[in-house]
Amino acid sequence: MNSDLRLCAVSAAADDVLGARVYTAPERPSRTAFQRDRERIVQARAFRRLAGKTQVFTSRGSDHFRSRLTHTIEVMQIARSVAEALGLNQDLAETLALVHDIGHPPFGHAGERALDECLKRHGLRFDHNLHALRIVEHFEQRYAAHRGLNLTLGVREGIIKHSRDYSADEYPELAGYLLERRPPLEAQIIDLADEIAYLTADLDDGVESGLLEIDHIRGQVDILAHCYAQVEREHASVEAKFLFNEALQLMQNVLTDDLIATTKKNTSAIGATSLDQVRDHPARLATFSALAEAHRLQEKRYLYNTLYTCDVLSLEHEKAEQVVTELFDFWINAPQELPSGYVEEIETEGLARVVADYIAGMTDSFILMQYAQVKRTVRRK
């Protein structure tokens, strides 16, 4: 068997089923279908707006904190390196990494929770993967002949399924997305590349913010402690902040290498020599080893207990949820105040979904501007 997984990779051929588009598009001999999708995503307005959306911290504290866009770029770098090492379709992996967070609303997960709670009152839910699909299929308008970006089936399937599986019974509207099959390895690695990126970045930004201390992290996060000790042995007299930076990079490399090795091991263990065998396997094959998974869970608990739920961020999250909820309720009660293009969508999409769509597309700065404007409007009445 080959040392890599080329036989299990998604084909780059335009006539492959995963390379199909809803609308006929002229071929470009110099570029694969997934390279063209990558360019369509990078040129999308929703992609550009990621620069103004919170990852963990708003940029008010420091220009150096990750935004949703810089996080996306870091995920893309990891995903492409994993795909290259495994012999997978690098263009598809890179494209899926670039689009994986395009459906996130402002204020990070706090904004997503608030929108979901608002929609629950109307019998609906907010799911950033499904919202991303709405963006690329409906909201982006760059072509004269159709709405949406007209992305390949492979990319649209990966948008939906890279981080979870959906039931056809529960989501009949997704029936065309091969829900009975696992996603290709190119999609499976995205969620884990995402984990690697934020596990590294959130420690970095946490220390930058002053909310986390290097010595405390070393005492609570085993994988970082091991990496720090190795770096310290090699650079004994170097300042702690530089040792910490080196340890973070080493930790990212350790997790990335583990993902590569374990995915290769899992795929070889079932004797997979084709994409169909990967897609028909009952479980995902892209995983961490048991040790790396234990390290991941330990660090994730640490970040949740010491950073994500700390008093400073909890206050930011409460404010974010208040802004989202009050704006949602305002437009539910005054739909005529929505932009005209959104008012036109109400008949087909329903008012609650349209309001959520409008809010989800906003950047942090724009939603705060809208909030201030709405508060002035309410006071005048």
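Summary table
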| quantity | calculated |
| --- | --- |
| Within segment 296-320, considering residues that are within 20 Å of the chain's Cα centre (by Cα) and of a type in the set (D, E, K, R), the one surrounded by the fewest Cβ atoms within 10 Å (Cβ to Cβ) | R301 |
| Conditions (1) over 20 Å from R113 (Cα atoms); (2) within 22 Å of the chain's Cα centre (by Cα); (3) among the aromatic types (F, W, Y); number of the one not met by Y358 | (1) |
| Any hit, segment 241-257, residues being over 17 Å from I78 (Cα atoms), over 27 Å from the mean Cα position of the chain (by Cα) and surrounded by fewer than 17 Cβ atoms within 10 Å (Cβ to Cβ) | yes |
| Check on G176, over 27 Å from F366 (Cα atoms), without any contact (Cβ under 8 Å) to a residue 40 or more places away in the chain and outside any loop (DSSP other than H, G, I, E, B) | yes |
| Residue list for segment 332-348, filter: buried (at least 16 other Cβ atoms within 10 Å of the Cβ) and touching a Phe, Trp or Tyr at 6+ places or on another chain (Cβ under 7 Å) | L338, Y342 |
| Residue within segment 274-295 that is within 19 Å of A110 (Cβ to Cβ), surrounded by 12 or more Cβ atoms within 10 Å (Cβ to Cβ), of a type outside the set (F, W, Y) and modelled with pLDDT of 95 or more present | no |
| Residue ID - farthest from F366 (Cα to Cα), chosen from residues in segment 86-119 that are of a type in the set (G, A, S) and assigned to a helix (DSSP H, G or I) | A93 |
| Check on D101, within 20 Å of R80 (Cβ to Cβ) and touching a Lys or Arg at 6+ places or on another chain (Cβ under 7 Å) | yes |
| Single match in D63, D37 (criterion: among the acidic types (D, E) and either touching a helix residue (DSSP H, G or I) at 6+ places or on another chain (Cβ under 7 Å) or part of a helix (DSSP H, G or I) (or both)) | D37 |
| R38 being farther than 30 Å from L368 by Cα and at pLDDT 95 or above | yes |
| Residue list for segment 75-99, restricted to those being of a type outside the set (A, V, I, L, M, F, W, C) and closer than 25 Å to L250 by Cα | Q77, R80, S81, E84, G87, Q90, E94 |
| Selection status of A46, of a type in the set (A, V, I, L, M, F, W, C), more than 16 Å from E94 (Cβ to Cβ), modelled with pLDDT of 95 or more and part of a helix (DSSP H, G or I) | yes |
| Looking only at segment 1-50, and only at residues there that are of a type in the set (S, T, Y) and within 24 Å of the chain's Cα centre (by Cα), the one that is farthest from L86 (Cα to Cα) | T32 |
| Count of residues meeting criterion [more than 30 Å from K264 (Cβ to Cβ), among the basic types (K, R) and in contact (Cβ under 8 Å) with a residue 40 or more places away in the chain] in segment 35-56 | 4 |
| Near pairs, Cβ below 7 angstrom, 6+ apart or cross-chain, from segment 13-34 (among the small types (G, A, S)) to any residue that is assigned to a loop (DSSP other than H, G, I, E, B) | A14/E27; G19/A13; G19/T152; A20/T152; A25/N150; A33/A14; A33/T152 |
| Qualifying position, being within 21 Å of E208 (Cα to Cα), touching a residue at least 24 places away in the same chain (Cβ under 8 Å) and of a type outside the set (V, I, T), among L248, L259 | L248 |
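The values are calculated or read from the model by the stated rules, or taken from the named source; none is laboratory data. On a predicted model such as this, the values are computed, not experimentally measured, just so you know. Backbone-built Cβ (ideal geometry, glycine too); neighbour counts: all protein chains shown.
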